[in-house]
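The values are calculated or read from the model by the stated rules, or taken from the named source; none is laboratory data. Predicted model, so just to flag it, every value in this text is computed and none were measured. For neighbour counting, all protein chains shown are included, and Cβ atoms are generated from backbone atoms with ideal geometry for every residue, glycine included. Protein only, heavy atoms only, side chains kept; ligands, DNA and RNA dropped before computing areas. Shrake-Rupley method; radii C 1.70, N 1.55, O 1.52, S 1.80 Å.
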Amino acid sequence: MYICILNNSRLMSTIRDPTPCAILEAGELLKAGDLVAFPTETVYGLGANALDELAVQKIFSTKGRPSDNPLIVHVPDIDSAHPLVESIDTWSERLAANFWPGPLTIILPVRPDSGIAKTVTAGLSTVGIRVPDHPVALALLRAARVPLAAPSANKSGSPSPTTARHVFNDHGENGPRMILDGGSCRVGLESTVVEVRGDDVYILRPGGVTPEMISEKIALSMDRIHMAFRMLESNETPKAPGMKYRHYAPKAPVVPVMNHEDWTMIQLKESDVVIVFDTLNVVGGRRLSFGPGDVRIASERLFDLLRQTDEMNTSTVYIDCSFDHSDGLGHALWNRISKAAARK
Ligand code: TXA
Ligand code: MG
């Protein structure tokens, strides 16, 4: 593990594993009401003490995030979740037992006396909780000894950061006091967000934990697992408030190309960028690789590739979307690409 700490624009120090000093310092900053960006297995988070209203407000101003979009609260283990929530139903408990630590956020009824800052939940009676599967994130949570509210550490609207450098590039001098560098994120797409109602599981955002995995691990039939996400109209009240915003978008327009035959109808300009699997030959444009044809690798790379197109003076980004969308992770990957393609 390689950790470097960036404090505003200056590289403060670089420390090799283990990193107790860096992480303790980050914990102190969080307790003092500052923001710290940290790696998770999904994407980098922009963390603040979830119990500190002013600190949480800094997340919204730093990201430029609409205040009606609630934040996920990160804890180091399921025991730390108990004081924050009113109750954990049996299905949610099974989900937590099977997938935590991991890329799964569970929406639970917030306990009125939990101390969680109002801004975290955006006035909802529920809170999203997750235990991240990353040694740096877990060490930070243990050092801070407070739950951490953390959205993805990008500026609102741009692709989620999957490296420390992405975080730094988005915020420059005005970003978090510290960025903990844990390398590239393994999953590359944000966590799956789920809510249990009765004996049904609603997936509010698809991610690394797929419906098939949920069905198998908690022994719940697939017809009890519902996809509850789609792009909403601006006047609709969203189930997961984040659903109504355009996300993940690079500067240039994004065009998904669904079938291999469709490429023959596209006249690629030199200023266009194509993001394609290695097995596909296309003529023209500048090529970025989605990897050998594995949806897992493509998911890990997507946000970094979208960010690269920003540096390439790109007219249009064409993305090879011929992968299997019915596969759980393929579905999550397609969800992010289709959002990137949605016009503001
Ligand atoms: O992988 C992840 O989840 C990353 C890392 C840093 O943990 N975090 C992340 O946070 O993606 P953010 O804020 O970018 O996305 C949180 C999503 C939003 O879509 C938000 O609307 C939804 O979770 N959410 C949060 N609290 C909710 C609640 N109480 N009810 C419904 N949806 C909620
Ligand atoms: Mg986000």
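Things worth noting here:
- Hits in segment 212-229 (condition: under 20 Å from the mean Cα position of the chain (by Cα) and either under 25 Å from S125 (Cα atoms) or of a type in the set (G, A, S) (or both)): I214, M227, A228, F229
- Test: residue in segment 181-196 that is within 16 Å of ligand 2 (Cβ to nearest atom), open to solvent by less than 40 Å² (accessible area, probe 1.4 Å), modelled with pLDDT under 95 and not small (G, A, S): no
- Selection of first residues in segment 61-73 that are in contact (Cβ under 8 Å) with a residue 24 or more places away in the chain and of second residues that are among the aromatic types (F, W, Y) and open to solvent by 30 Å² or more (accessible area, probe 1.4 Å), restricted to Cβ pairs under 8 Å at least 6 apart or on distinct chains, gives the following pairs, ordered by first then second residue: P66/Y245; N69/Y245.
- Check on P103, open to solvent by less than 30 Å² (accessible area, probe 1.4 Å) and either farther than 21 Å from G175 by Cβ or under 16 Å from the mean Cα position of the chain (by Cα) (or both): yes
- Qualifying positions in segment 151-173 - within 12 Å of ligand 1 (Cβ to nearest atom) and surrounded by fewer than 21 Cβ atoms within 10 Å (Cβ to Cβ): K155, S156, G157
- Of residues in segment 129-150 being open to solvent by 10 Å² or more (accessible area, probe 1.4 Å) and within 19 Å of A55 (Cα to Cα), the one nearest to ligand 1 (Cβ to nearest atom): P147
- No other residue among K63, K58 is of a type in the set (K, R), within 15 Å of ligand 1 (Cβ to nearest atom) and under 23 Å from R145 (Cα atoms) apart from K58.
- Being out of contact with any Leu (no Cβ under 6 Å at 6 or more places or on another chain), more than 10 Å from ligand 1 (Cβ to nearest atom), farther than 22 Å from L306 by Cβ and open to solvent by less than 30 Å² (accessible area, probe 1.4 Å) is a property that holds for V201.
- Taking the criterion of being among the β-branched types (V, I, T), within 11 Å of ligand 1 (Cβ to nearest atom) and over 17 Å from R296 (Cβ atoms), the residues of segment 182-196 that qualify are V193, V194.
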